[in-house]
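The values are calculated or read from the model by the stated rules, or taken from the named source; none is laboratory data. Not measured: the values here are computed from a predicted model. Every residue, glycine among them, receives a Cβ derived from its backbone with ideal geometry; neighbour counts consider all protein chains shown. Accessible surface areas use protein heavy atoms only, side chains included; no ligands, DNA or RNA. Shrake-Rupley method; radii C 1.70, N 1.55, O 1.52, S 1.80 Å.
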Amino acid sequence: MPLGDLLPTMLGVLIGAGAVLAWRRRPRRSAARGPSWQDEAIDALDIGLLLFDADGRLQRWSGDFARIDPELAGGLQVGRRFEDLLRRVVAQGGVPQAAGREEAWIAERLARHQQGGIEFLRQHAGGRWRRITERRLADGSLLSYSTDVTELVEVQRAAERAAARLADAIEVLPAGFELFDAEDRLVLGNARLADGYPQVAELLRQRPSFEALVRANAAAGALDLGGTTVDEWLDRRQSQRRALPSVSLHRTGGRWMRVYEHRTREGGVVGARVDVTEEIEQRAAAEQASSRLREAIEALPDGFALYDADDRLVLCNAKYRELYAASAAAIRTGARFEDLLRMGLANGQYPQATGREEAWLAERLAAHRHPGPPLLQALPDNRWLRIDERRTADGGIAGVRSDVTELVRREQALQALNGELDRANERMAQLSMTDSLTGIANRRVFDDTLREEWARATRHGGPLSLLLCDIDHFKRFNDHHGHPAGDACLRRVAKLLQTCTRRPTDLVARYGGEEFVLLLPYTDAAGAQAHARTCLAAVVDAAIPHGDSPVAPVVTLSIGASTIVRSGPDVDAPSLLARADLALYEAKRSGRHRVCVS
């Protein structure tokens, strides 16, 4: 049951309809008379409750609501309009979604409130999420209640991120990937699947059924029906899909596809399609030259071996013996594959098996007897083989060993180069921490340092101060003196502010445009004010001419200062910055060229 549908039932179970009605009708008691049992029951719930009359004026509220919206402290009064309460919360930063579009958000929320009978999610300050439900009652009044669903929202977002990562992983697979639901409709397919079936690539995006795909591919002339009709071919293919898991081979568009299919727990089908055209063509060529099979095998540049259904060697070429030189003496017709492996182990032929010989042997025998995708095998002296084994029609196993040492070594070298690139990128990242114009720390460094210093101040209980500085009438400066002079002014002010900080823990950073920020750990309010006055004086003493300033003939600063001694529910690193910003606004409003303290 959705949470919004469950809440009325919870209210009925916890306090009863009579308690809610009594809570609606009874005005909120004064502290002197003490709360009624209905008040205590409602306030004990972890549900924020508000009751407005038909004119949209507040009549009742629960204790939980006062706790979840601390911005309304002192504002919850009988008769207050919903809009007044809403504006109070927004003005105090209690609605993160409204940031930058406050009036538009308020208008949307008021429209929802007027409708009644709605349910929606809202993020509160601090990152918590509440599900809010509003119901219009028979007498025209409106009951609003909310519950904390932060954990549910976080779980949903985690699931969405996991799904996105899975989709990315599927997209980079080297094989065509497909997922059909229980109704045999295509749910997911990657780009490699569309590349393998270009004639129906557009149809793949429309969630078609498996049958529709087959018929469209056949109609496009891309499906090799092997002399049968589409219906016959489709019947045989559907019968095969009902007996999953399976591996099948199909010819389409002149290419051969090996299809690996498995049934999902929900009744769907997941499949991988690998283009094996080259392999099939090589096999056909070998069959055409069956009369000269041994000569052809000997001429192969790769090692080749054929084992019968009892896993005994039928034939191999000289290259095969050359690759496995440590066990070459035992490689003869009739030798068991397992015996050859054991001899190679005894002679140190398989570095990957060192220290786990029996486990490695079991794994290699399983991979050999149940051939799957190609695998890499290490040999001494960092030599590498690509082993591609296949089961023959009579139950035997044919395998090709390709020397891919050069490719693997190139890959190893590439990985080493990538490591060097990562280290170079780290060095570049360090360079990116400096503001390119002023040469001081940039906004990114400030954000990181603020988080670190806030955590340190929280742990040790010391004060933390912040100065937000703005060059007065800098736009006029640029318009009057030109942008090159403006850039020079910014660089000069940055250096002046740096000369005002003497402790290694102090940070001067460019905050943006003509704004600078000074972060002062272990500095109380008095120290912050003194530091700010020093900065004001340093800039004025520099006497940078400002030909269009109504404040002074030289460049001046306005500074907002804030200091926090200890953290609390509504005191955190962002609030330190926000308070400094408010103080800066007050300094500008009061005439500029001054320090204002939050």
Quiz prompt | Selection from region 512-527 of residues that are surrounded by fewer than 19 Cβ atoms within 10 Å (Cβ to Cβ) and not acidic (Asp, Glu) | solution = Gly512, Gly513, Tyr522, Ala525, Ala526, Gly527
Quiz item: Among the numbered criteria (1) surrounded by 17 or more Cβ atoms within 10 Å (Cβ to Cβ); (2) under 21 Å from Leu45 (Cα atoms), which single criterion is violated by Ser141?
Solution: (2)
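Listed residues Ala578, Ala537; which is surrounded by fewer than 17 Cβ atoms within 10 Å (Cβ to Cβ), modelled with pLDDT under 95 and not in a strand (DSSP E or B)?
Working: Ala537 fails: modelled with pLDDT under 95.
Testing whether each residue is surrounded by fewer than 17 Cβ atoms within 10 Å (Cβ to Cβ), modelled with pLDDT under 95 and not in a strand (DSSP E or B) leaves just Ala578.
Of all residues in region 218-247, how many are within 15 Å of Phe180 (Cβ to Cβ) and outside any loop (DSSP other than H, G, I, E, B)?
We begin by selecting, within region 218-247, every residue within 15 Å of Phe180 (Cβ to Cβ); these are 234, 237-238, 240-242, 244-246.
Subset that is outside any loop (DSSP other than H, G, I, E, B): 234, 237-238, 240-242, 246.
Selection size over region 218-247: 7.
Of all residues in region 230-263 being of a type in the set (Val, Ile, Thr) and open to solvent by less than 70 Å² (accessible area, probe 1.4 Å), which is farthest from the chain's Cα centre (by Cα)? Talk me through it step by step, then tell me what you get.
As a first pass, look at region 230-263 and keep what is of a type in the set (Val, Ile, Thr): 230, 247, 252, 259.
With the extra rule that they be open to solvent by less than 70 Å² (accessible area, probe 1.4 Å), the set shrinks to 230, 252, 259.
Numbers: Val230: 45, Thr252: 38, Val259: 32 Å.
Across region 230-263, the extreme among qualifying residues is Val230.
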Self-check item: Flag if Ala441 is closer than 23 Å to Tyr511 by Cβ, without any contact (Cβ under 8 Å) to a residue 12 or more places away in the chain and surrounded by 11 or more Cβ atoms within 10 Å (Cβ to Cβ)
Solution: no
Quiz item: Of all residues in region 454-480, which are part of a helix (DSSP H, G or I), open to solvent by 20 Å² or more (accessible area, probe 1.4 Å) and in contact with a helix residue (DSSP H, G or I) (Cβ under 8 Å, 6 or more places away or on another chain)?
Solution: Trp454, Asn478
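Residue-by-condition table, conditions (1) free of Cβ contacts under 8 Å to residues at least 40 places away in the same chain; (2) closer than 23 Å to His370 by Cα; (3) open to solvent by less than 100 Å² (accessible area, probe 1.4 Å); (4) assigned to a strand (DSSP E or B):
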position: Ala393; (1), (2), (3), (4): yes, yes, no, no
position: Arg401; (1), (2), (3), (4): no, yes, yes, yes
position: Asn418; (1), (2), (3), (4): yes, no, yes, no
position: Leu421; (1), (2), (3), (4): yes, no, yes, no
position: Ser436; (1), (2), (3), (4): yes, no, no, no
Quiz item: Applying the selection to region 493-525, what residues are free of Cβ contacts under 8 Å to residues at least 60 places away in the same chain and charged (D, E, K, R)?
Solution: Lys495, Arg502, Arg503, Asp506, Glu514, Glu515
Practice problem: May I ask you to list the residues in region 96-123 that are buried (at least 16 other Cβ atoms within 10 Å of the Cβ) and of a type in the set (S, T, N, Q)? | Solution: Gln123
Quiz item: How many residues are assigned to a loop (DSSP other than H, G, I, E, B) and within 19 Å of Asp311 (Cα to Cα) if we restrict to region 354-372?
Solution: 3
Self-check item: Selection within region 265-288 - in contact (Cβ under 8 Å) with a residue 12 or more places away in the chain and polar (S, T, N, Q)
Solution: Thr277
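Here are some residues: Arg502, Arg592, Arg491. Which one is within 40 Å of the chain's Cα centre (by Cα) and open to solvent by 40 Å² or more (accessible area, probe 1.4 Å)?
On the way: Arg502 fails: within 40 Å of the chain's Cα centre (by Cα); Arg592 fails: within 40 Å of the chain's Cα centre (by Cα).
When all the criteria are applied, what remains is Arg491.
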Practice problem: Give the residue that is least open to solvent (accessible area, probe 1.4 Å), with candidates limited to residues of region 62-95 that are out of contact with any helix residue (DSSP H, G or I) (no Cβ under 9 Å at 6 or more places or on another chain) and under 20 Å from Val149 (Cα atoms). | Solution: Ile68
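Does Glu357 meet the test of being open to solvent by less than 50 Å² (accessible area, probe 1.4 Å) and charged (D, E, K, R)? Walk me through it before giving the result.
On the way: open to solvent by less than 50 Å² (accessible area, probe 1.4 Å): no; charged (D, E, K, R): yes.
The answer is no for Glu357.
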Exercise. Out of Pro550, Pro545, report the one residue that is touching a helix residue (DSSP H, G or I) at 6+ places or on another chain (Cβ under 9 Å), within 19 Å of Leu584 (Cβ to Cβ) and open to solvent by 40 Å² or more (accessible area, probe 1.4 Å).
Key: Pro550
Quiz item: Got at least one residue in region 318-334 being among the β-branched types (Val, Ile, Thr) and in contact with a strand residue (DSSP E or B) (Cβ under 9 Å, 6 or more places away or on another chain)?
Solution: yes
